[in-house]
Amino acid sequence: MTKLIKILLWMVASLVLIVVLASILLPILVDPNDYKDEIAQQVHAKTGRTLTIDGDIDLSISLPLSVSLELGKLELSNAKGFIDKPFARMQGASLYVAIMPLLTDNRLDVGEIKLAGMELNLIKNKQGVTNWSDLSGKQEPAPAQVEKAKTSTENKTAKETMPAISVAGLNISDALITWTDEQARQSISLSKTNITISELIEDKPFELTVSTHIDNSNPVIKGDFTLTSVPTVSLSKQVFQLPGTQLTLDLSGDVLPGGANKTTLSGDISFDGKSQVLDINKMKLTSYDMVINGLFHANKLDSSPEFSGQVSIDQFSPKQLAATLGTALPEMKEQKALNSADAKLTFKGNENLVTISSLEANLDDTSLKGSASIKNFSKPLYGFDLTLNQLNLDYYAVAGQASSPAETDKAPADKKKTASSKSQSSAPLFPVETLRQLNLDGKLAIAQFIAGGAKMTNVVIVLKGNNGLVQLAPLKADLYKGTINLKTDIDARGKTPKLKIINELKQVQIGDLLQDTTGSQEFTGVANINANITTSGNDKDRLVKNSNGTAKLLVTDGHIKKLDILTNIRKADALLKGKAAPSESQDSNTKFTELKGSMKIKNGVIRNKDLASKSPLMELTGQGYADLPKEYLDYTLSIKLLNSLKIDDNTQGTDFKGKEFPYTIKGKFSELSEEANISKVLEQEVKKKVEDKLNKKLEEKLGDKFKGLLKF
């Protein structure tokens with residue numbers, strides 16, 4: 001036993017002696033600088049490039065079994081056909097490795113790695129060839145080899161673990177990396193690049209700092225990039241943690257909105273390679289005037305990725321953001337518009353589905369809540385179920401721009417259409433190509449909706465789309481004490497879009513609607529309207545011209561102010577008698593208990609043959625047409641004044657009770673004229689008076705047996 005111990009001691013002593021002698025004699029007997037030419041020749045033989053080693057190579061071995069390597073200037077030439085600038089160069093480098101801990105404790109200790117003045121020039125020429133493609137000529141292993149290697153790796157025992165690694169630090173200083181794309185005529189340089197890593201020990205946090213200056217040629221953008229973090233790396237467990245990571249990008253350039261921008265992104269990042277799980281917590285993005293917070297989780301990254309997370313946008317001013325971005329927004333009628341916005345949502349998904357739940361967004365006084373989804377990314381199906389507390393489009397109307405007919409009426413009557421208005425009427429209304437690709441199924445509910453002054457409540461919109469066929473089926477809402485039920489089909493599958501509209505209005509107070517949209521109640525009553533219309537085209541003019549269908553109208557307890565029939569009758573009567581025209585009309589002279597009619601629409605022309613109205617003062621029937629493309633109306637009414645009508649001397653009129661006469665309304669929509677044709681009535685009255693006078697004389701001379709003999 002004693003002899004065995006002696007043998008072992010001699011072996012250890014011999015090994016120590018060999019190590020000591022090697023550390024002393026190797027630097028003396030072996031000078032790595034003697035092999036610089038041989039190294040360069042080998043590099044040239046393998047790559048066809050020239051390796052120049054200007055500085056000395058300092059290699060030393062010290063106790064207890066450590067290796068130190070220092071290099072001077074190095075330069076590797078570029079690939080053939082590229083500029084003379086070197087592919088890579090370095091001013092100096094140093095490396096220290098302790099080998100004994102690897103043999104005794106399965107631990108690799110590396111001293112601080114230093115790289116000074118590193119330069120790397122990457123180029124893609126006009127033919128799309130890069131100056132490093134010749135260095136990456138290694139063939140990919142066959143699938144069978146990959147599978148075999150994978151199986152071999154999986155069969156390794158738990159004892160065959162990677163050694164623990166500790167690095168005293170990494171210091172890359174004053175590095176320059178350039179990228180030149182001759183095809184895109186673009187160059188990017190990362191200069192003054194510094195990368196610093198503090199002592200790196202497995203399972204212990206270390207400091208990481210990266211900084212560089214960016215200079216982009218096309219478009220011209222300059223700025224600084226910095227990255228800081230305190231990572232922890234565990235190679236044996238395949239766990240990487242980067243808490244407190246912060247990225248800052250401070251750029252300037254004319255192409256950037258506002259000319260400059262500073263963006264920061266921070267968060268806690270962790271990745272588990274064994275379970276393939278990625279987590280990003282406390283994520284915060286700050287850019288321009290916006291702050292976005294969130295968290296992100298993903299798993300099964302190597303097979304079927306699944307992800308989830310949350311995003312919230314802090315309150316910001318869209319108006320101020322637009323100003324910061326250098327975008328001039330038009331002045332809006334409501335000064336408080338676009339002053340406040342925020343949002344938050346929760347999402348999850350996989351390779352084929354993304355769902356957004358708990359969606360909440362606010363814009364000024366409008367609040368949006370609901371959910372949305374996207375299925376099948378190769379041919380997306382969009383779904384949503386959203387609720388708005390209110391939406392007032394007039395709130396965002398441009399100041400000075402007519403947002404309702406009321407404001408349009410205030411414009412000068414003789415103002416002609418401009419070229420811009422004509423172009424708007426012929427501008428495409430539907431994005432045909434988008435509709436052909438659109439697949440959606442959604443629902444939108446709005447508690448209160450205002451547009452053009454008109455107010456709707458309890459609005460429900462069901463929207464469906466399938467490969468060019470879009471259906472709004474239906475749009476339901478409460479409208480001025482009544483209801484509206486609108487169904488619309490848009491068929492964009494063919495060359496020209498086709499529309500089908502079925503509209504039903506029930507018990508709608510027309511006067512209140514006109515008051516809010518036009519500022520006056522020229523027409524009042526309770527309206528019931530049914531319309532079934534088809535048309536085709538992709539601009540306003542063609543849609544109007546190609547419209548066909550039917551409609552029915554029933555209005556009860558109404559009043560039409562502009563249709564001042566009695567006043568026009570009195571004016572006509574006064575004109576025939578040479579008297580002054582009446583100065584005032586009776587407010588109640590156009591009231592009616594019922595107004596109804598049916599219409600047929602062909603090529604944009606609405607024709608009606610059964611218009612009928614009843615009122616305490618008159619009975620009205622009529623027929624005519626309205627040419628929508630030409631904006632022209634031509635109606636002939638038959639007016640019969642009832643015996644209940646009261647006319648006194650102050651009206652300067654004639655008592656036409658029981659009489660029936662034609663009444664015409666015609667002209668451009670903007671210049672309608674009305675005319676009461678009472679000449680026939682007056683002719684009949686003159687004939688009647690002459691007849692009565694002659695019959696009376698005959699009766700006086702010839703007796704009662706000739707009474708009423710003469711008739712005209």
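The values are calculated or read from the model by the stated rules, or taken from the named source; none is laboratory data. Here the structure is a predicted model, which is why all the values come from computation and not from measurement. Using ideal geometry, Cβ is built from the backbone for each residue, glycine included, and neighbour counts are taken over all protein chains shown.
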**Report entry** Cβ pairs under 6 Å, 6+ apart, first in region 663-675 and closer than 20 Å to Ala612 by Cα and modelled with pLDDT under 85, second of a type in the set (Gly, Ala, Ser) and surrounded by 12 or more Cβ atoms within 10 Å (Cβ to Cβ)
**Finding:** Tyr663/Ala676
Query raised in the report: Taking interchain pairs and intrachain pairs at least six residues apart, which have beta carbon atoms under 6 angstrom, with the first residue in region 444-473 and part of a strand (DSSP E or B) and the second basic (Lys, Arg)?
Result: Val460/Lys476; Val462/Lys443; Gln471/Lys464; Ala473/Lys487
Query raised in the report: Looking at region 162-220, which of its residues are without any contact (Cβ under 8 Å) to a residue 40 or more places away in the chain, closer than 30 Å to Tyr96 by Cβ and outside any strand (DSSP E or B)?
Result: Ser198, Glu199, Glu202, Asp203, Lys204, Pro205, Phe206, Glu207
Requested in this report: Report the residue count in region 348-389 for those that are surrounded by fewer than 16 Cβ atoms within 10 Å (Cβ to Cβ), on the phi > 0 side of the Ramachandran plot and at pLDDT 95 or above.
Outcome: 0
Requested in this report: Output the residues belonging to region 254-273 that are among the charged types (D, E, K, R) and in a loop (DSSP other than H, G, I, E, B).
Outcome: Asp254
Report task. For region 291-313, state whether one or more residues are under 20 Å from the mean Cα position of the chain (by Cα) and at positive phi. Result -> no
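Out of Gly273, Gly258, I need the residue that is over 30 Å from Tyr395 (Cα atoms) and at pLDDT below 95. Which one? Working first, answer last.
Numbers: Gly258 fails: over 30 Å from Tyr395 (Cα atoms).
Sole residue among the options that is over 30 Å from Tyr395 (Cα atoms) and at pLDDT below 95: Gly273.
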Query raised in the report: Across region 72-102, which residue is surrounded by the fewest Cβ atoms within 10 Å (Cβ to Cβ) among those that are in a strand (DSSP E or B) and modelled with pLDDT under 80?
Result: Leu95
